[in-house]
Structure formats: C-alpha cells, structure tokens
C-alpha cells in the first residue's frame, strides 16, 4: 500500500491563485460579477441530491452539499439557489475538492481574509460561507474518523 503524500501545499497554492485572480479586478463590482460567473459554470447538480439531508444549515439561501470519499480523497458536489453563493461554492470546490481530509484540516482558509470577503459580503452570505467551510471541515473530520 502506497503512503499518502501530503498535498496541503496544493490547497495553499490554489488559495494563492484565487487571491491573484481577484487582484486583477479593479473594484468589487467586477469581483462580484466574476464570482457569479464562476457559479454559472458549476456542473449540473442532480435533482435527487437536493434533499434536506444534503442541505447546509446556516445559509440564508438554499445550499446543497454532497461529499464523496474516493481513494482517500474527498470530492464535493454542491449548488445553491443564489448566484453569488453558487460562485462562492465554485471557489470552495476549486480549493477543497479532490484533497486529502488531513490536508483540508491542516490548511486554514486564508483566502477569506486575503480577499476581504467578510467585509464585502452581506452578513448572511458571510455566515453562509462560514457554514460551508465548517461543513467541509466536518466532512474531513468524519472521513478521518472512519
């Protein structure tokens, strides 16, 4: 059995890439539009997964989040009924889907403060982002305990 190599640096690298991308926009209206565009590019989310059991609590909009563990890594599918929240989901999937659970837990979500999301998102969207991050960490903790 091959040892699982740590790839937490990959999450940090992905965060840096996101921060650089956002730095190319002059103002927050352009950043919001970029976030919305990211959400529009999310893969189709199956209707049969839009269940209460897959809903993330703490989000004003509806958010469905489904984890899957394959080959020791976590993969996520998610969608929201709100455009900006779907864009935030796209960012989270880019950063965390396909990663090892321990790497998710070992890498703080520095992109949130670096992008000043907490001061540019409405309080309800900021709470939703926090709830989604907690859910991702919770899925990682459950995967490690399994």
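A short reminder: the numbers here are calculations on the coordinates, not readings from a lab. Quantities reported herein were computed from a predicted structural model and do not represent experimental measurements. All Cβ positions, glycine included, derive from the backbone under ideal geometry; neighbour counts span all protein chains shown.
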Computed FRET efficiency, Cβ-Cβ of residue 122 and residue 17, R0 22 Å: what is it to the nearest 0.05? 0.30
Specify which labelled value, from (i) 29; (ii) 44; (iii) 33, agrees with percent of Cα pairs over 23 Å apart derived from the coordinates of the model shown. (iii)
Sorted by Cβ density within 10 Å, fewest first, the residues 107, 124, 51: 51, 124, 107
Rank these for me by crowding, 28, 64, going from fewest to most other beta carbons within 10 Å. 28, 64
Which shape class applies to the stretch 1-86: rounded if a/c is under 1.5, otherwise prolate when a/b exceeds b/c and oblate if not, where a ≥ b ≥ c are the square roots of the Cα gyration tensor eigenvalues? oblate
Where a ≥ b ≥ c are the square roots of the eigenvalues of the C-alpha gyration tensor, would you call the stretch 66-117 rounded, which needs a/c under 1.5, or, failing that, prolate if a/b is larger than b/c, or oblate? oblate
Pairwise label distance in nanometres, residue 37 with residue 55, each label 7 Å out on the Cα-Cβ vector: 3.3 nm
1/(1 + (r/R0)^6) with r = Cβ-Cβ of residue 29 and residue 81, R0 = 22 Å, i.e. FRET efficiency to nearest 0.05, evaluates to 0.50
Where does each of 36, 89 land when they are ranked from fewest to most other beta-carbon atoms within 10 angstrom? 36, 89
